[in-house]
1. State whether one or more residues within the stretch B:51-70 are within 14 Å of chain A (Cβ to nearest Cβ), at pLDDT 80 or above and within 26 Å of the chain's Cα centre (by Cα).
2. Could you list, in sequence order, all residues of the stretch A:249-265 that are buried (at least 23 other Cβ atoms within 10 Å of the Cβ) and in a helix (DSSP H, G or I)?
3. For the stretch A:259-273, which residues satisfy the criterion of being more than 11 Å from chain B (Cβ to nearest Cβ) and in contact (Cβ under 8 Å) with a residue 12 or more places away in the chain?
4. Please list, ordered by residue number, the helices (runs of 4 or more DSSP H) wholly in the stretch A:1-89 having 3 or more residues that are at pLDDT 90 or above and in contact with a helix residue (DSSP H, G or I) (Cβ under 7 Å, 6 or more places away or on another chain).
5. Hey, which of the helices (runs of 4 or more DSSP H) in the stretch B:1-64, taking only ones fully inside, have at least 2 residues that are within 25 Å of residue A:438 (Cα to Cα)?
6. Filter the stretch B:173-183 for residues that are more than 7 Å from chain A (Cβ to nearest Cβ) and either over 21 Å from the mean Cα position of the chain (by Cα) or more than 20 Å from residue A:211 (Cα to Cα) (or both); which is surrounded by the fewest Cβ atoms within 10 Å (Cβ to Cβ)?
7. Do the conditions hold for residue A:230, that is, is it away from every other protein chain (no Cβ under 14 Å), free of Cβ contacts under 8 Å to residues at least 24 places away in the same chain and in a loop (DSSP other than H, G, I, E, B)?
8. Kindly evaluate residue B:202 against the criterion of being in a helix (DSSP H, G or I), touching a residue at least 60 places away in the same chain (Cβ under 8 Å), more than 19 Å from residue B:249 (Cα to Cα) and over 23 Å from the mean Cα position of the chain (by Cα).
């Protein structure tokens, strides 16, 4: 039975069904690329969410940027591979003239569609300055950007008020770095503000041919593109929010590239689908347990240290990450400047030391609460079991995600006062600045829910964003993470992991070191 | 009849208004912030304030309620917080997918369940009746999302006969993409409706007018289809009307598992992201659907049953 069944392809099954149905279906059946296996150079990939913003000046997530990378151009772009790096895209040359000035020269022949002509320095100035002008949420990516000077049609200088080193890795090659045609945006919006989901012109290797909300984004080659020819004629990006459904869709052949959930990884490794390559990339997120230093029960640093030393991170990774993620040494992920080789508190902790700290604090019968999102309940239960070993009774407070994400915010009521322990993670970008900046004193009651305060930390955070020497910068970030850990307010868990799989008969995938796809660099098999 | 319709319209408007006002109150009671859901740590206090102002969340609750209903009367449901697209566009482009899923699910379920129920009633306590009873209870007991995942694994992954995800493009393609989701959503209803029809049929078949028909020598087929079924089907019609609400809830799971567009998944995602205008718009449409479905079921009942017609 199984042999007979497996011998019937989807095509023959559907055709038979259509014939049996009196030919009604067969007559109107479009041999859709959605149903049928990829034919020709069509790249079918999964995204985790649907797009909801195609204006790079106001972008809000990586799924949007994945599409922007295909339809717009930037001065620089990420290099695919296992090490972080960037290379020129629309820029012929780009250099740091001094700590606050970056000069660029555009390549000639980069054209906007719709008759908006060649990309010029005027367009660069418009694109970069509008985030500041319109107070876009993206303006933080530009640091202290003052303005862009135009020297001639192709040359300009990006001027900052103070040096801003993260620009090279989080701004120019990512979302905010995309260059729009000034004429096209002004024509579409009147004042140059957010154009939302209707790009007025394209300048990348692909055009947005169709967007069917919650179904797919369809990209086709841009005939005006003068850069290197991408490997596929068309790209179809299919949003599948549920990871398990995405895995089934891959197995069924509906997509040829997807991420794999950590708890499915072992089984896929053991029994990979045919012609499939599985890759596991280190993520750049940071996951940690935060401890509110202002809470009366946690004011004593010895109590906080007892908690730090009682938590066994590898055990947590086994429980909540299927043993597939590596232990974090801090908030800065491996591969980035400032990543520490090891944390001050060993990953396994030490129960004897934890008990000593608790004795020093003179605390007994301590009851605490850990707040987590509903998806992290298992992790919280593991911590509960671990803390019970030193006599701390931990209650697990599971919150719906929308509610959880405002727990420590002073602007959202009084809940921050009750917050004790919490587990969370932040997505990040490939620069250490964003793995540390949310823990400065100014962020207390905003994103610094630990309410951790350190003058030295604040000073280093401000300075490290301006230092271009990687070695010097790294030393500062090492010290900052030491300070975080010494405060007893943080127990670092992991930086996460990004497993993915793709069909080798369809493509050669190309990603950033963290597994983020770079579709322009995908090659056919 | 017309008076009845007018009453239902007024009642429907009242239900929708109360539901929306209640929803607005709940939105205020539930903690969470759309800017935070959108940007996470990148949501600066200035941006959050800007977004709150844009959504009108900085205004008193009464003003928000008045603004919402004022916009509604002008046909303006507001804008999606994230994409800035009109909520009406966002909701109405998803709505057909949910409606087609619900209709196809319920139609195939009725098409299979009614004959099964009739047959079981006519062959009461036979082997087939008992077998149908066991299968019916089993299908009612299995949640639709379990059925969805199983169907997906068998027919899309193992056998590769049907697409695993999406809604398709073009008529035939959409029909093909509906097979698995509609099967998963409708199978429980096959069991439920067949049991309901069987019970009603047994009751009707024992009534005097049926005995009278038999005494006139009418064929069993004529008695069942012409006299018993039109009456036995009435409870089913009522249940289907109410069941639309239940199906809308089931649609959420089905839409997620099959990565289908649809209003169920849209509302769930909007609630998670605190995308309030979409939540309000989606709830408005689903409330309208439910009110319409229950009214329709009453009207169908009236068309089938003269006694019900007299009560209108």
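1. No - not one qualifying residue is present in the stretch B:51-70.
2. Passing the criteria: A:249, A:250.
3. Residues satisfying the conditions are A:259, A:260, A:261, A:262, A:263, A:264, A:265, A:266, A:268, A:272.
4. Those helices (runs of 4 or more DSSP H) span A:62-71.
5. It comes to B:34-39, B:45-55.
6. Only one residue fits best here, namely B:179.
7. No, not satisfied.
8. yes
The values are calculated or read from the model by the stated rules, or taken from the named source; none is laboratory data. Remember, predicted model here, so these are calculated numbers, not experimental data. A quick note on method: Cβ atoms are made from the backbone with ideal geometry, for glycine too, and the neighbour counts reach across all protein chains shown.
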